[in-house]
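Visitor: To start, I am sharing the structure in question, which I have written as structure tokens.
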Amino acid sequence: MDTTARIPLAAKLGFTAFMAVLVPTYWINYGPTNFLYFCDVALFLTLFGVWTERALPISMAAAGIVLPQLLWVVDFLGELFGVPVAGLTAYMFEPQNPLFNRSLSLFHGWLPFLLLWLVRRVGYDRRGLWAWCVTAWALIVVCYVWMPPPPEPGADVDPNLPVNINYVFGLDGRQTWMPAPVWLFVWMLAQPTVLAGPTHLVLRRLAPTAPRR
């Protein structure tokens, strides 16, 4: 059996150090429900994957968030140069948002590239697509049933309270152009067809296939 480490120790320690700072900071500032976001779940999958060198958790995170996070990168660059694209990263330029917290949020920009590199190191497990989709569907249901919806205009709410987690009520606040359950179904359908599915097809074609363990 080949016991050679495929992920350098420096990468493991560096990512773990980042998580050791991010987790308590986010917990204190935003509360534990913040970790229900897809991107935060992907961070924990990546942390598990880098230490175990198992392809499945890394493949799940890659299939699930590489495409959305690349869109984040495009939007951030647009905001940076004064050409907003979708408004996804406007919060990164709000002075009332502490600079340290914003600096931690830059992980959205480098995480997709880290995942692509990790997939090259450990291989892509094709089960990652549906493993991610099942995880995403569970998170969507939990956030829709138990997490706060977008507040009404003018409502006095904690600005740090995570609401509309994973866009379960709409992409820009609460959508009104279809019944909420229909939106929920469309959003769940979009996970394998629009978001994770295309990434899966690219990784399946270009990344080495992970050996079964």
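The values are calculated or read from the model by the stated rules, or taken from the named source; none is laboratory data. Quick caveat: nothing in here was measured; it's all calculated off a predicted structure. Because the Cβ atoms are built from the backbone with ideal geometry, glycine has one as well, and the counts that use them run over all protein chains shown. To get the accessible areas, we keep the full protein, side chains included, count just its heavy atoms, and leave off ligands, DNA and RNA. Shrake-Rupley method; radii C 1.70, N 1.55, O 1.52, S 1.80 Å.
Visitor: Which value in Å does the Kirkwood hydrodynamic radius of the stretch 148-213 take, with 1/r averaged over all unlike C-alpha pairs and then inverted?
Guide: It is 14.6 Å.
Visitor: I've got another one for you. Leaving out ligands, DNA and RNA, what percent of the accessible area of the chain is carbon and sulfur, probe 1.4 Å?
Guide: On the chain, the fraction of accessible area on carbon and sulfur atoms equals 69 percent.
Visitor: Next up: Find out how many positive minus negative residues lie around E79, taking Lys and Arg as positive, Asp and Glu as negative, among other residues whose Cβ is under 15 Å from that of E79.
Guide: Value of the local net charge: -1.
Visitor: While we're on this one: Under the classification rounded if a/c is under 1.5, otherwise prolate if a/b is larger than b/c and oblate if not, where does the stretch 95-144 fall, given a ≥ b ≥ c as square roots of the Cα gyration tensor eigenvalues?
Guide: The shape class here is oblate.
Visitor: While we're looking at this one, here's another question. Put one equal scatterer on each alpha carbon of the chain, apply the Debye formula with no solvent term, and list log10 I(q)/I(0) at q = 0.11, 0.13, 0.17 1/Å to two decimals.
Guide: -0.56, -0.79, -1.32
Visitor: In addition: Could you give the radius of gyration (one decimal) and Dmax (whole number) of the Cα atoms in the stretch 60-114, in Å?
Guide: When restricted to the Cα atoms of the stretch 60-114, Rg and Dmax are 11.5, 34 Å.
Visitor: Can you tell me which of 95-106, 164-175 comes out highest on packing, and rank the rest after it, using the mean Cβ neighbours within 10 Å?
Guide: 164-175, 95-106
Visitor: Dividing the Cα radius of gyration by the Kirkwood radius, what Rg/Rh value follows for the stretch 64-154?
Guide: 1.04
Visitor: How would you order 8-21, 179-192, 34-47 from highest to lowest mean count of nearby Cβ atoms within 10 Å?
Guide: 34-47, 179-192, 8-21
Visitor: Any idea of the accessible area per residue across the chain, 1.4 Å probe, to the nearest Å²?
Guide: On a per-residue basis, 54 Å².
Visitor: Going by the alpha-carbon gyration tensor, a ≥ b ≥ c the square roots of its eigenvalues, is the stretch 102-195 rounded (a/c under 1.5) or, if a/c is not under 1.5, prolate (a/b greater than b/c) versus oblate?
Guide: Judged from the Cα gyration tensor, the stretch 102-195 comes out oblate (a/c at least 1.5, b/c at or above a/b).
Visitor: With a Cα-only, solvent-free Debye model of the stretch 1-87, what are the log10 I(q)/I(0) values at q = 0.13, 0.21 Å⁻¹?
Guide: Log10 of I(q)/I(0), two decimals: -0.56, -1.10.
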